[in-house]
1. For region 1-33, how many residues are over 21 Å from residue 141 (Cβ atoms) and within 22 Å of the chain's Cα centre (by Cα)?
2. Which one of the conditions (1) modelled with pLDDT of 80 or more; (2) open to solvent by less than 50 Å² (accessible area, probe 1.4 Å) does residue 43 fail to meet, given that it meets all the rest?
3. Based on what the data block shows, is residue 59 open to solvent by 60 Å² or more (accessible area, probe 1.4 Å), assigned to a loop (DSSP other than H, G, I, E, B) and farther than 20 Å from residue 143 by Cα?
4. Which residue pairs have Cβ atoms under 9 Å apart, sit 6 or more places apart or on different chains, and have a first residue in region 5-28 that is under 16 Å from residue 69 (Cβ atoms) and assigned to a helix (DSSP H, G or I) and a second that is open to solvent by 60 Å² or more (accessible area, probe 1.4 Å) and of a type in the set (A, V, I, L, M)?
5. Can you find even one residue in region 2-19 that is within 30 Å of residue 145 (Cβ to Cβ) and open to solvent by 40 Å² or more (accessible area, probe 1.4 Å)?
6. Is it the case that some residue within region 46-56 is hydrophobic (A, V, I, L, M, F, W, C), crowded, with 19+ Cβ neighbours inside 10 Å and under 27 Å from residue 136 (Cβ atoms)?
Amino acid sequence: MGPTYELKTSDPSAWLDAHGDALFSYALSRVRRPDVAEDLVQEALLAALGKADSFAGRSLERTWLIGILRHKVLDYFRRRRRSKEVQEPVLGTSQGTMGLFNRRGRWSPKPHAWGADPAACYEDAEFWRVYEACRDRLPTTLSEAYILRELEGLSVEQVCTILDISSTNLGIRLHRARLAMRGCLDERWFGS
């Protein structure tokens, strides 16, 4: 059994002081709108206040708060789907996919052929700025699918339920999002 942790406080203002930047960064990286990210952080802190007595001590305070925030982000995507707030056209498929994938559906050429070491990119803050700029260029319908599947690591079934779409539609959105991300990163980072 792992270590047991205690809540340092059950005061939301203290949580905001100690973890506010991390919570806001997490939310903003998912929803791309500062005003919505702030609202989600507030919702998470209020929910944490109501659940403070049920803190089991299996994680650090920040991890627990981010877990609550994660659920608030997923609820946000569900609400948007239900209200049909997102009505953006998706990118067309005429982006020339010939030669980008091999017969098994894997990228061709592989990233190491682009002349950049993926591990080095992971550590490079400038790469992450370019990556976020590329992700921000995605239409909302593609971005939501990409974030939920790639960043949140949700299963296909979970993403389909949240976005109220079929698995086929999700596959198309993810395919288009990945193509757009690759094109943007090729242009802005790898310079091909």
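The values are calculated or read from the model by the stated rules, or taken from the named source; none is laboratory data. It should be emphasised that the depicted structure is a prediction, and the values quoted were computed from it without experimental measurement. Virtual Cβ from ideal backbone geometry, glycine too; neighbours counted across all protein chains shown. Just so you know, the surface numbers come from the protein's heavy atoms only, side chains and all, with ligands and any DNA or RNA stripped out. Shrake-Rupley method; radii C 1.70, N 1.55, O 1.52, S 1.80 Å.
1. Of the residues in region 1-33, the ones over 21 Å from residue 141 (Cβ atoms) are 1-26.
In the following step, the residues that additionally are within 22 Å of the chain's Cα centre (by Cα) were identified as 16, 19-26.
Residues flagged as over 21 Å from residue 141 (Cβ atoms) and within 22 Å of the chain's Cα centre (by Cα) within region 1-33 amount to 9.
2. In the conditions (1) modelled with pLDDT of 80 or more; (2) open to solvent by less than 50 Å² (accessible area, probe 1.4 Å), residue 43 misses (2) alone.
3. On the way: open to solvent by 60 Å² or more (accessible area, probe 1.4 Å): no; assigned to a loop (DSSP other than H, G, I, E, B): yes; farther than 20 Å from residue 143 by Cα: yes.
No.
4. 12/46; 12/49; 15/49; 23/16
5. Keep residues of region 2-19 that are within 30 Å of residue 145 (Cβ to Cβ), which gives 19.
Keeping just the survivors that are open to solvent by 40 Å² or more (accessible area, probe 1.4 Å) gives none.
Within region 2-19, not a single residue is within 30 Å of residue 145 (Cβ to Cβ) and open to solvent by 40 Å² or more (accessible area, probe 1.4 Å).
6. No, the conditions are met nowhere in region 46-56.
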